[in-house]
Amino acid sequence: MGFDPSQYLELTLVERVDFSDDLAVFRVRAEQPVDFTPGQYATLGVRTAEQDRPLLRPYSVASAPGTRDLEFFIERVEDGALTSHLWSLDSGATLWMRERIVGRFVLDQDRRHHVMVATVTGVGPYLSIARAQQQALAAGRRSTPHRFLILHGASRSWELGTYRERLTSFSQTVDWLDYIPTVSRPWEDSDWAGERGRVEDVIRKHLDDAGFPLDDTAAYTCGHPKMIDKAQGIFQRVGLPEESIHEEKYFVERSEASA
Ligand SMILES: Cc1cc2nc3c(=O)[nH]c(=O)nc-3n(C[C@H](O)[C@H](O)[C@H](O)COP(=O)(O)OP(=O)(O)OC[C@H]3O[C@@H](n4cnc5c(N)ncnc54)[C@H](O)[C@@H]3O)c2cc1C
């Protein structure tokens, strides 16, 4: 079957902000405001000369819903089919996105405390959720805030991108958000004075410090599959019930995928 444009929204790339050779924020604009539930992912891509259908991959939306502007935090994968294309695009380029933004990695409304763990680009859905709560509080659509503890890991601090500054200042303006960035290769990052270690290794300490009641806490893990497996084991050992532990795995490791 050929390409049916009625199933897709046409987006314009407004800008790409590079944090390193292989990490960037893509800001795109749709013709109409786009709605979704914070935490969900879009199916986004490009049309290539070789293929009839667009080349698409899922990407979590990092921006809040209800505007024309969408933001994605994307890692370039070596020899990756789509990301190689994305890194060749200039501002003004056209991207395509499936009309429906979907996914179940959204705020667990049964709990009021949320510990959210991410590797690098996996912080996107948490930012969307936090921004949406801020807007709901400001508009009076929510009266009591949910509490969020976001733990964000990377090998080096610059891989946390602009999200580190944005979430740090966000956490200083509200009393319901704590943000802990952590770096696992501080010896390659001599100016880094923050938390050290892999994100899964600092969960226990920060969860204890936050004092979240376990019977009212949901846990989220997003990004690298190895981190997710380890973090989930920690949450289970802490005593969180399975139904309050949520995950969004961004990929299967190549060796596992071909096994
Ligand atoms: C629900 C969901 C949401 C996602 N959200 C994001 C997001 O917000 N940001 C983002 O950057 N990615 C996200 N991803 C991953 C994204 O969909 C693509 O898999 C990734 O961009 C690679 O696409 P590609 O076509 O360039 O590579 P492909 O040619 O499709 O990939 C080649 C191989 O690389 C491996 N691979 C894929 N991603 C990575 C990675 N990050 N590190 C190491 N190996 C990898 C896989 O094993 C894959 O088989 C998400 C995935 C899912 C399932």
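Data overview
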item: Test result for Gln232, more than 20 Å from Ser184 (Cα to Cα), more than 10 Å from the ligand (Cβ to nearest atom) and modelled with pLDDT of 95 or more; result: no
item: Residue match in the stretch 198-211 (condition: in contact (Cβ under 8 Å) with a residue 24 or more places away in the chain, closer than 20 Å to Ser20 by Cβ, assigned by TED's automatic domain parsing to the domain that holds Ser128 and among the charged types (D, E, K, R)); result: yes
item: Odd one out for Val77, checked against (1) more than 12 Å from the ligand (Cβ to nearest atom); (2) modelled with pLDDT of 95 or more; result: (1)
item: Count of residues meeting criterion [surrounded by fewer than 20 Cβ atoms within 10 Å (Cβ to Cβ) and in a helix (DSSP H, G or I)] in the stretch 165-183; result: 8
item: Odd one out for Val174 among (1) touching a residue at least 40 places away in the same chain (Cβ under 8 Å); (2) more than 16 Å from the ligand (Cβ to nearest atom); (3) touching a strand residue (DSSP E or B) at 6+ places or on another chain (Cβ under 8 Å); result: (3)
item: Some residue of the stretch 120-129 being in contact (Cβ under 8 Å) with a residue 12 or more places away in the chain, among the polar types (S, T, N, Q) and closer than 18 Å to Glu248 by Cβ; result: yes
item: Unique match (being surrounded by fewer than 18 Cβ atoms within 10 Å (Cβ to Cβ) and at positive phi) among Gly161, Gly140; result: Gly140
item: The stretch 23-54: number of residues that are buried (at least 16 other Cβ atoms within 10 Å of the Cβ) and within 16 Å of the ligand (Cβ to nearest atom); result: 20
item: Conditions (1) away from the ligand (no atom under 16 Å from the Cβ); (2) touching a residue at least 24 places away in the same chain (Cβ under 8 Å): number failed by Asp4; result: (2)
item: Total residues in the stretch 81-113, condition under 30 Å from Ile245 (Cα atoms) and either within 16 Å of the ligand (Cβ to nearest atom) or buried (at least 16 other Cβ atoms within 10 Å of the Cβ) (or both); result: 15
item: Count of residues meeting criterion [surrounded by fewer than 18 Cβ atoms within 10 Å (Cβ to Cβ) and more than 6 Å from the ligand (Cβ to nearest atom)] in the stretch 57-70; result: 4
item: Single unsatisfied condition, His146 versus (1) in the same structural domain as Ala231 (by TED's automatic domain parsing); (2) loosely packed, with under 15 Cβ neighbours inside 10 Å; result: (2)
item: Odd one out for Gly239 among (1) within 22 Å of the chain's Cα centre (by Cα); (2) away from the ligand (no atom under 16 Å from the Cβ); (3) surrounded by fewer than 20 Cβ atoms within 10 Å (Cβ to Cβ); (4) touching a residue at least 24 places away in the same chain (Cβ under 8 Å); result: (1)
item: Test set (1) assigned to a loop (DSSP other than H, G, I, E, B); (2) within 17 Å of Gly124 (Cα to Cα) - Ser88 fails condition number; result: (2)
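This table checks each residue for (1) assigned by TED's automatic domain parsing to the domain that holds Ala136; (2) farther than 25 Å from Asp4 by Cβ; (3) touching a helix residue (DSSP H, G or I) at 6+ places or on another chain (Cβ under 6 Å).
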| residue | (1), (2), (3) |
| --- | --- |
| Ala64 | no, yes, yes |
| Glu75 | no, yes, yes |
| Glu78 | no, yes, no |
| Ala81 | no, no, no |
| Ser84 | no, yes, no |
| Gly92 | no, no, no |
| Gly103 | no, no, no |
| Val106 | no, yes, no |
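The values are calculated or read from the model by the stated rules, or taken from the named source; none is laboratory data. As the structure is a prediction and not an experimental result, all values here were calculated from the model. When we count neighbours, we look across all protein chains shown, and the Cβ atoms used for this are built from the backbone with ideal geometry, even at glycine.
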